[in-house]
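For reference, the structure discussed in these notes is given below.
The values are calculated or read from the model by the stated rules, or taken from the named source; none is laboratory data. The structure presented is a predicted model; accordingly, all values stated were derived computationally and were not measured. Cβ: placed from backbone, ideal geometry, glycine included. Neighbour counts: every protein chain shown. Just so you know, the surface numbers come from the protein's heavy atoms only, side chains and all, with ligands and any DNA or RNA stripped out. Shrake-Rupley method; radii C 1.70, N 1.55, O 1.52, S 1.80 Å.
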Amino acid sequence: MDWRAEAASALQWWQDAGVDMLVDEAPRDWTVREAAPAATASPGQHAPLAEPEPEAPLPATLEAFIDWRFGSGAPEASWGEPIVAPSGNPAAPLMVITDLPEFEGEAPGLLGNGAGRLFDRMLAAIGLDRDSVYLAPLCAARPITGQVPREAEARLGELVRHHIALAAPQKLLLLGQTVSRAVIGSEGGLQRGRLEPVNQANGQSLVVATFHPRFLLTRPAAKADAWKDLQLLLGGQK
């Protein structure tokens with residue numbers, strides 16, 4: 001049998017057996033551990049959040065921070081999803097933090113669709129609208145899973161706390177447990193039904209945690225408790 005036919009037969013056998021790579025020809029010491037490869041995203045997962053260089057601190061002004069945080073250099077930019085910027089008035093007395101953008105039509109936005117309509121009604125109930133509050137996301141892009149990646153919460157929490165400190169709102173409304181956990185730093189987050197002072201770098205904000213409108217759409221019975229939370233914002237004074 002010709003050696004070429006024998007070689008082809010051997011290669012075909014290895015291919016059928018599932019072998020898809022060659023080993024090194026040079027000897028290798030398998031007792032020495034090699035450095036771990038850089039983390040990559042597996043199918044269905046996002047790449048790790050990009051971080052600024054250690055020597056580059058977070059921008060010290062609100063304008064510069066927004067340009068960086070919600071621009072092409074945003075940490076979530078590596079996900080390949082649209083970045084959604086805050087909306088409303090950055091100088092508003094009330095800052096509202098939501099978890100991530102919603103899809104409305106073909107473009108993502110902050111609190112759109114049914115959750116957005118319910119949010120607008122919640123604001124109207126306390127005499128406010130979107131132009132009179134400052135609405136910002138914890139996560140600037142919507143992950144394909146529709147949830148804030150748990151492994152990214154610590155970094156996103158750091159960024160949103162810096163955002164809050166620069167905006168220095170009198171009052172802060174946290175929508176949902178994910179936001180509360182990221183901002184306050186505990187599993188349960190801030191206790192619902194209470195208006196609590198929370199220190200930030202540029203002062204102190206009165207904070208209320210409540211249900212996310214998305215949750216209220218599936219649990220209408222919780223709307224009564226959410227209304228009580230909103231009333232705290234009416235009565236609390238800085």
Exercise. Can you find even one residue in region 148-170 that is in a loop (DSSP other than H, G, I, E, B), open to solvent by 50 Å² or more (accessible area, probe 1.4 Å) and over 17 Å from A92 (Cα atoms)?
Worked result: no
Exercise. If you scan region 128-147, which residues turn out to be open to solvent by less than 70 Å² (accessible area, probe 1.4 Å), farther than 18 Å from A209 by Cα, assigned to a loop (DSSP other than H, G, I, E, B) and not basic (K, R)?
Worked result: A140, P143, G146
Exercise. Are any of the residues in region 95-118 open to solvent by 20 Å² or more (accessible area, probe 1.4 Å), among the β-branched types (V, I, T) and closer than 26 Å to S205 by Cβ?
Worked result: no
Exercise. Can you tell me how many residues in region 81-111 are part of a loop (DSSP other than H, G, I, E, B) and over 13 Å from A136 (Cα atoms)?
Worked result: 5
